[in-house]
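The values are calculated or read from the model by the stated rules, or taken from the named source; none is laboratory data. Model, not experiment: these values are computed from the prediction. Reconstructed Cβ throughout: ideal geometry from the backbone, glycine too, with neighbour counts over all protein chains shown.
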Amino acid sequence: MTESHASVARLLDREVTEESLRESTAQVAAVKTVVELGTKSVVIFRIGAEWFGLPTSVLQEIGSRSTVRTLPGHQGGILSGLVNVRGDLLLCVALGVVLGVDHTTVGTEPRKPDSSERLMICKRNDARLAFEVSEVYGLHRYSPRELRNAPATLARAAEGIYTLGVVCWKDKIVGCLDDELLFYTLNKSLT
Amino acid sequence: MSNSDIDNLGDLSMLELFRMETETQSTVLTEGLLGLERDADATQRLEELMRAAHSLKGAARIVGRQAAVVVAHAMEDCFVAAQKKERTISGELIDTMLAGVDLLNRTAGVSDENLEAWEASQHDEIEAFVKSISRLDQAVVQAAPVDQARVSSEVAPEARQQLPGEPVPEPAPARTAASDRVLRVTADNLNSLLGLAGEALVASRWLDKFSADLLHLKRFQNQFAQTLDSVRDVFPSGAVSERASERLAEVRDRAALCQRSLAERLADLEMFERRFVNFSTRLYHEVLDCRMRPFADGIQGFRRMVRDVGQSLDKSVQLEVTGESTPVDRDILERLKAPLGHLLRNSIDHGIESPADRNNQGKPAEGTVHLEACHSAGMLLITIADDGRGVDLEAVKRAVVRRGLTTLETAQKMTEAELLEFLFLPGFSMKESVSEISGRGVGLDVVQTTIKELGGRVRISSGLGQGTRFQLELPLTLSLIRALLVEIAGEPYAFPLARVERALKLPRDQIESVQGRQHFALLDVQVGLVAAHQVLELKGLPPADGDVSIVVLGDKAARYGLVIDRFLGERELAVRTLDPRLGKVKNISSAALMPDGSPALIVDVDDLIRSIENLASSRRLSRLGSEGDSAAAIKQKRVLVVDDSLTVRELERKLLDTGGYAVDVAVDGMDGWNAVRTGHYDLLVTDVDMPRLDGIELLKLVRADNRLKSLPVMIVSYKDRPEDRSRGMEAGADYYLPKASFHDETLLRVVTDLIGRPDA
């Protein structure tokens, strides 16, 4: 009995090693990563010189730019024309024109396709559309707390109407778009 | 939710499934009953009928359609009794049963909400139906021993089933047409399948280009090997060290290895390409074939209709159908139903004589209408021929002259074909009296219009006393067209070949100019020229040198030459409909994919001809129009009306519209919130109680928005208690109008008070 009491006491009273002390200290001192709930996922893309985010839920796929066929009577508007996406003929929208970022469609002659140019195929409530964009970065999560109001100058421009707010991403300002309003307008103004 | 949203059967409600089942089973019932009337094969028919009635009874029970359960049950009992030879199926009973089938169809059509009321209202009819089935039974057993004998002699072969060792025949697949198993696939699924199959075909063609590129590479390698060989020849033997010549030999070996290896890969690739192209071509055509349905599917109701129409006119008529399995495009089949029905009714009413007349002429008392479908020379031919009295050409001449369409003299000279053409004129009728069946003179012209819309034509031939024959000539499918591909403003456009009169290249000096308009002579007729760019409102100009490429459109009455950039060739194209959100696109009917996968537009030729005509007349008007345009451009004040009641919304819209304001409407708060942010409005008029977002919430959103916070807002509501009013005003409304008072001038007066006159 006394034998075992003594060995328990030895075990509990033993010297803490330098190494385990260091390990525990580091664990306690580490900055806690807080997993935040309610963050939103957006796909970040560029039109001309401006960056935008669209909720990931509406994105179906990202394709490379292919031939866009102009529809007579729709030239120069928000509708660029028809585009073939995996055998489906989709309506292609010049998102830059809708948002008032008109850098992409200057001039009438066909531009040389830039290798970073992409087609974003989006679907919201059964309405499918293809958007022409200059570049797609990828997905990004942000917390609603990060969302700031769009600058007042933007709030008055066409672009401002569709922007819920802006978030910072890699020292760039990204305008987060209101997908419901965007599709609402597009579905109505295609005729 | 609209039908197009339904992706698969799993999304359908039980009621929708029941409706589908009723549709299928009532076809079986109708066909079976009609067959029983004349056909000897009674045993199998009865089995089929019994099963159909039984299935329907079960399905009706699941969805709680008591009326359908009772009706189907009565019919099933009756068939079972007939199978046991306890009763016979008389003509009268068949009539009653057909009425029962109609009753079943009606039951399926009633929505769940109206079911109770409907069943109550139909209670008597259902009762009467069940009674009449059992009553007829008694009467027939006593009064028609002959029938009984007929039926029992027909079912006699049944005894063979007891022979030992003989397999019991499968009951269901009795008829050839029904023996193909049928799957229901939604049109959307089929279309996306067609899209993917087409894409596979396009992808397969890319390989051809790629292997051509590899061939190029092979040639380069050959040249490379030759150059190497020549290197050795340049040096005289002995001038090169042993080591160098070893190295050279090694290089040549390696080059040869590369050549061999490439040749092998190339052969593999070519084999794969052939297989892949073959498979994807077959896949594509197989999917296209899925759009085809047997002709029999489109004419299910016709036997019944012919019988009923004949009976109502006291004529005895039977419909003979050949080519029931002829495949017909489902869209064409659907649209053919009405014209075919019309032609059949027409044949029975105008063609077939009364049984007495027929006897006098030595014809069988029962008239026959023959309906035939077959493929011939890449076209679908449908013939409707009766053995009736035929068209009296003399009577047609009289009718033509009476209507002042031509003189008697000319009419006498006309050929049979020319005279028969008059039957297609709108409002032209040979009948002295108008009957319920036909004779109003509307019909044949509608038939012709429909057939023309489908890209086909109708021909009549007739022999006095021998009958009349209508022949419809139609394309096999609407999903494939042969088209002339041309380039306009650098982009490809397709003209349906059937609508192109002529395509030609003309030296520039053969174009004449008369009064500033360009013409050229085509077979001694002057044809006016129009630039395709201009009609389609495209940028750019047609090429200014070389021969002029012209597509001639139109008909004898008006021909136009459309100047295009160049011809790209003729090709078969799979037609794709345009996105419905576009509405009707001017001058364009549909689209298609080119072999390289890029889209091409298919021209709507009728629309294009109209545009050419408009263009020709508006050139002179364009200068006069400019002043009027600027007057109309004065800015109107815009009002957005948000209300979930259609009546109120329209009333408000009309009142404001009459008052001179531009009005847009939105159907609820959410719709209104979207609209007010994207349009520029001077005033928002909103209801309070609305789904999704109510008027007060909408108002709060507007007031919180930077750009909209000063927008005048007026609330129009049924709620006119003081607390409702103050709630609205607190939220920021500029005016609160009770709905009771807007039918008079109040609404307009308040609007003018708030934002001023419409044009001020």
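Just to verify a result, which residue in the range B:699-710, among those that are touching a helix residue (DSSP H, G or I) at 6+ places or on another chain (Cβ under 7 Å) and within 14 Å of another protein chain (Cβ to nearest Cβ), is surrounded by the most Cβ atoms within 10 Å (Cβ to Cβ)? By that ranking, first place goes to B:Val702.
Does A:Arg69 meet the test of being among the charged types (D, E, K, R) and touching a residue at least 12 places away in the same chain (Cβ under 8 Å)? Spelling it out, A:Arg69 is indeed among the charged types (D, E, K, R) and touching a residue at least 12 places away in the same chain (Cβ under 8 Å). Between B:Val716, B:Val685, B:Val663, the distinction of being under 36 Å from the mean Cα position of the chain (by Cα) and either of a type outside the set (A, V, I, L, M) or part of a strand (DSSP E or B) (or both) belongs to B:Val663 only.
The single condition among (1) closer than 21 Å to A:Leu182 by Cα; (2) without any contact (Cβ under 8 Å) to a residue 40 or more places away in the chain that B:Tyr681 does not satisfy is (2). Inclusion of B:Ala373 among residues that are modelled with pLDDT of 90 or more, in the same structural domain as B:Ile451 (by TED's automatic domain parsing) and more than 30 Å from B:Leu190 (Cα to Cα) is not warranted. Quick check on my filter: what residues within the range A:1-32 are of a type in the set (Gly, Ala, Ser) and either surrounded by 10 or more Cβ atoms within 10 Å (Cβ to Cβ) or assigned to a helix (DSSP H, G or I) (or both)? Hits for the range A:1-32 are A:Ser4, A:Ala6, A:Ser7, A:Ala9, A:Ser20, A:Ser24, A:Ala26, A:Ala29.
Could we say that B:Val702 is under 30 Å from A:Glu180 (Cβ atoms) and assigned to a helix (DSSP H, G or I) here? When the stated conditions are applied, B:Val702 passes them. Among residues of the range B:643-669 being among the small types (Gly, Ala, Ser) and touching a Lys or Arg at 6+ places or on another chain (Cβ under 7 Å), the one that is surrounded by the fewest Cβ atoms within 10 Å (Cβ to Cβ) is B:Ala662.
Just wondering, is there one or more residues in the range B:328-338 that are among the basic types (Lys, Arg) and surrounded by 16 or more Cβ atoms within 10 Å (Cβ to Cβ)? There is at least one residue in the range B:328-338 that is among the basic types (Lys, Arg) and surrounded by 16 or more Cβ atoms within 10 Å (Cβ to Cβ). One residue stands out in the range B:564-583 among those that are within 9 Å of chain A (Cβ to nearest Cβ) and not in a strand (DSSP E or B): the one that is nearest to the chain's Cα centre (by Cα), namely B:Thr577.
A quick yes/no check of all residues on (1) part of a helix (DSSP H, G or I); (2) over 25 Å from B:Lys413 (Cα atoms); (3) not small (Gly, Ala, Ser):
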residue: B:Arg358; (1), (2), (3): yes, yes, yes
residue: B:Pro364; (1), (2), (3): no, yes, yes
residue: B:His370; (1), (2), (3): no, yes, yes
residue: B:His375; (1), (2), (3): no, yes, yes
residue: B:Leu380; (1), (2), (3): no, yes, yes
residue: B:Ala385; (1), (2), (3): no, yes, no
residue: B:Gly388; (1), (2), (3): no, yes, no
residue: B:Ala399; (1), (2), (3): yes, no, no
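Between B:Ser192, B:Ser211, B:Ser204, the distinction of being in contact (Cβ under 8 Å) with a residue 12 or more places away in the chain and within 14 Å of chain A (Cβ to nearest Cβ) belongs to B:Ser204 only.
Do the conditions hold for B:Leu480, that is, is it modelled with pLDDT under 80 and of a type outside the set (Ser, Thr, Tyr)? It is true that B:Leu480 is modelled with pLDDT under 80 and of a type outside the set (Ser, Thr, Tyr).
Give me the residue from the range B:591-603 that is surrounded by fewer than 20 Cβ atoms within 10 Å (Cβ to Cβ) and more than 7 Å from chain A (Cβ to nearest Cβ) and, out of that set, modelled with the lowest pLDDT. Checked the range B:591-603; the qualifying residue modelled with the lowest pLDDT is B:Pro595.
Yes/no matrix, rows are residues, columns are (1) touching a helix residue (DSSP H, G or I) at 6+ places or on another chain (Cβ under 8 Å); (2) closer than 19 Å to B:Ile550 by Cα; (3) touching a residue at least 12 places away in the same chain (Cβ under 8 Å):
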| position | (1), (2), (3) |
| --- | --- |
| B:Ile460 | yes, no, yes |
| B:Leu476 | no, no, yes |
| B:Ala483 | yes, yes, yes |
| B:Ile488 | yes, yes, yes |
| B:Leu497 | no, yes, yes |
| B:Ala521 | yes, yes, no |
| B:Leu538 | yes, yes, yes |
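When restricted to residues that are aliphatic (A, V, I, L, M), surrounded by 13 or more Cβ atoms within 10 Å (Cβ to Cβ) and over 16 Å from A:Asn84 (Cα atoms), the range B:183-214 contains 3. Scanning the range B:532-563 for residues that are over 16 Å from B:Pro507 (Cα atoms) and either modelled with pLDDT of 85 or more or within 14 Å of chain A (Cβ to nearest Cβ) (or both) turns up B:Ala532, B:His533, B:Gln534, B:Val535, B:Leu536, B:Glu537, B:Leu538, B:Lys539, B:Gly540, B:Leu541, B:Leu553, B:Tyr560. Name every residue in the range B:87-104 that is surrounded by 15 or more Cβ atoms within 10 Å (Cβ to Cβ) and either over 41 Å from the mean Cα position of the chain (by Cα) or not small (Gly, Ala, Ser) (or both), in order of residue number. Scanning the range B:87-104 gives B:Arg87, B:Thr88, B:Ile89, B:Leu93, B:Ile94, B:Asp95, B:Thr96, B:Met97, B:Leu98, B:Val101, B:Leu103, B:Leu104. Selection of the range A:33-75 for residues being within 14 Å of chain B (Cβ to nearest Cβ), surrounded by 19 or more Cβ atoms within 10 Å (Cβ to Cβ) and touching an Asp or Glu at 6+ places or on another chain (Cβ under 7 Å) yields A:Arg69, A:Thr70, A:Pro72.
Considering every residue within the range B:72-86, establish whether at least one is modelled with pLDDT of 80 or more and under 35 Å from the mean Cα position of the chain (by Cα). Scanning the range B:72-86 turns up at least one residue that is modelled with pLDDT of 80 or more and under 35 Å from the mean Cα position of the chain (by Cα).
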